[in-house]
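First comes the structure, then the notes that go with it.
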Amino acid sequence: MSFRYKTTFPSDDDIADPSDWVDSNAELAGEFNGGMDRDNLPESAVDGTHISDGTVAEVFSDPLFTASVNLPTKTTEWVDGDGTTVIGRVAPTIDVDSVLDIVWSGTWNWNIGGGYPLAGESELLAIRLVVDGVEVARSPVHSDSRDYDSTTLYGNTVVGPGSPVVTVEFRTYRASGNGRAERTVSIDYGELIVEVLKR
Amino acid sequence: MSRVTVTPIDVGDDVTISKPNTMLASWDVATAVIDGENIRLGGIHQRNIAADTASETPTGTDVFENVGPTTNSNAAWAVAVCGANIEIGDLTYNSSNEEMIIYCSFEYEGEASDNTGAGDPQYIFEFRLQYADDGVPTWNTIARSTRRESNGNELIIMHGSMDIVARVTESVNSSNFRVRLQQQETNGANVILTNCALFPRVVKL
């Protein structure tokens, strides 16, 4: 709370008592040594130069920089890559309750080549954002009617102190195959971005 | 940490100025080095914090918004146009104590170069972000990861929307920071861009 100076006013002819001086200073020092707060600071007194880096927010990202990643075919489970390369994974260390603002945008390619599938075949791709195994966003299924296509997913969640693991996961579906072997879809470009907004 | 040490004065002590002066000296030193340790935990209120301390609201040339539509036809990478070049800046950006996330969204319609039917090659529409920080500007591709693609051909009506969200990871300290969208098409196709937006989100660390 805001400090109020202990107003002891000795009067003429009082016996000089050092506690009148010392006690008020001790109380003031007690506030000054770690007890100052909002009432001691005027409006808008604090700006970015007064706040340590990472106090309000931190940003983490995992871009798919160098090469395409082929998703495994005949997938029945959600996967985060090809078994070797993880397409997007962020595990920030967080010291206070926070909100995670998560976004992944990227491009994939069904490797059809001609630009459209043959009659009677259809394959689908779904993408989701996961925090510690809990899904926070899922795309609609995207068909291979476009050889190349892109999407963006947004998700957010509240987390406590710790190291939550944020991943982007993929799952392929075959709606109809018409006797043809399952296609390999590759994730060509993309970036997972996690903004940690601290309480 | 800035701490004041109270020098006790007891009844019966010699009447000298040395102990009060010792305490005043402690105040003198401490008040010159006030820091976060002097503030109680959770003691700062929103009203104490100046506007734009935690994040920055982009205004003016920091934001691109245009309905378009504009037909783009580029066999090689060129700035995308939607009523005007899709470009923002000059921004002031210092990556040592700020983070910038770029948001770019637009609606697109792909046009094949002819309508001769099935068997024609596919048309790939590609987009990516670039930045410049030297005032010239000399453009650099932000990262391979900002590239986005879609495609079509005569059998597919190419119409959709696209978002590119990218974190600026380059080390930058400039008052001439610019970002723009580039695009190209294969096989002589066109792409019409409509309802385009490009803006930064600047987070103060």
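Every read-out reported here was derived from the displayed coordinates using simple, explicitly stated rules and does not represent laboratory data. Being a predicted model, the structure only gives us computed values, none of them experimental. Glycine gets a Cβ as well: all are built from the backbone with ideal geometry, and neighbour counts include every protein chain shown.
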What ranking, highest mean first, results for peptides B:54-63, A:147-156 when packing means the other Cβ atoms within 10 Å averaged over each residue? A:147-156, B:54-63
For segment A:43-55, take each phi angle, set θ = phi - 60°, evaluate the Karplus expression 6.51 cos²θ - 1.76 cosθ + 1.60, and give the result in whole Hz per residue in order, putting x for glycine and proline. 4, 6, 6, 9, 10, x, 5, 8, 10, 5, 4, x, 6
Each label point is 7 Å from the Cα along the Cα-to-Cβ direction; what then is the distance between the points at B:T59 and B:T71, in nm? 3.9 nm
Taking H placed 1.01 Å from N in the peptide plane, check which residues at least 5 places from B:T186 or on another chain put their amide H under 5 Å from its amide H. B:I124
Quick one: go through segment A:160-199 and flag any residue whose amide nitrogen is under 13 Å from the point 7 Å out along the Cα-to-Cβ line of A:N111. A:181-188
For A:V136, enumerate residues with amide H under 5 Å from its amide H, sequence gap 5+ or separate chain, H modeled in the peptide plane. A:L129, A:V130, A:V131
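Please give me the summed charge of the neighbours of B:M100: other residues whose Cβ is under 13 Å from its Cβ, Lys and Arg +1, Asp and Glu -1.
On the way: positive: B:R167, B:R178, B:R201, B:K204; negative: A:E195, B:E56, B:D62, B:E98, B:E99, B:D133, B:E170.
Charge balance near B:M100 sits at -3.
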Rounding to the nearest 20 debye, state how big the charge dipole of chain A is about its Cα centre with +1 on each Lys and Arg Cβ and -1 on each Asp and Glu Cβ. 1780 debye
Over the Cα atoms of chain B, what Rg and Dmax result, in angstrom? 28.9, 110
What percent does the relative contact order of segment B:55-204 come to when contacts are Cα pairs within less than 8 Å and at least six residues apart? 48 percent
Assuming R0 = 41 Å, can you tell me the calculated FRET efficiency for the pair A:D97 and A:T66, based on Cβ-Cβ distance, to the nearest 0.05? 0.70
Local electrostatic count, B:F125, Cβ distance below 12 Å [Lys/Arg +1, Asp/Glu -1]: -3
Relative contact order of chain A, defined on C-alpha pairs under 8 angstrom at six or more residues apart (%): 31 percent
Nearest 0.05, what FRET efficiency do A:Y173 and B:N190 give at R0 = 41 Å with Cβ-Cβ as r? 0.80
Please rank B:D163, A:D12, fewest neighbouring Cβ atoms within 10 Å first, as an exposure proxy. A:D12, B:D163
Footprinting proxy, B:D10, A:D13, B:D90: sorted fewest to most Cβ within 10 Å, the residues are A:D13, B:D10, B:D90
Which of B:K19, A:K198 comes first, and how do the rest follow, when ranked by fewest Cβ neighbours within 10 Å? A:K198, B:K19
If I model a spin label at B:A51 and A:S139 as a point 7 Å from the Cα along the Cα→Cβ vector, what separation in nanometres do I get? 3.9 nm
Can you work out the Karplus-derived ³J(HN,Hα) for every residue in segment B:75-91? Use 6.51 cos²θ - 1.76 cosθ + 1.60 with θ = phi - 60°, whole Hz, and x for glycine or proline. 6, 10, 3, 8, 5, 7, 10, 9, x, 8, 4, 7, 8, 10, x, 7, 9
Identify unpaired cysteines across the protein assembly as shown, taking unpaired to mean no other cysteine Cβ lies under 4.7 Å from the residue's Cβ. B:C104
Would you please give the FRET efficiency between A:D17 and B:V29, computed as 1/(1 + (r/R0)^6) with r the Cβ-Cβ distance and R0 = 30 Å, to the nearest 0.05? 0.65
Scan around A:T151 for amide H atoms under 5 Å from its own, H built in the peptide plane at 1.01 Å from N, and keep only partners 5 or more places away or cross-chain. A:G106
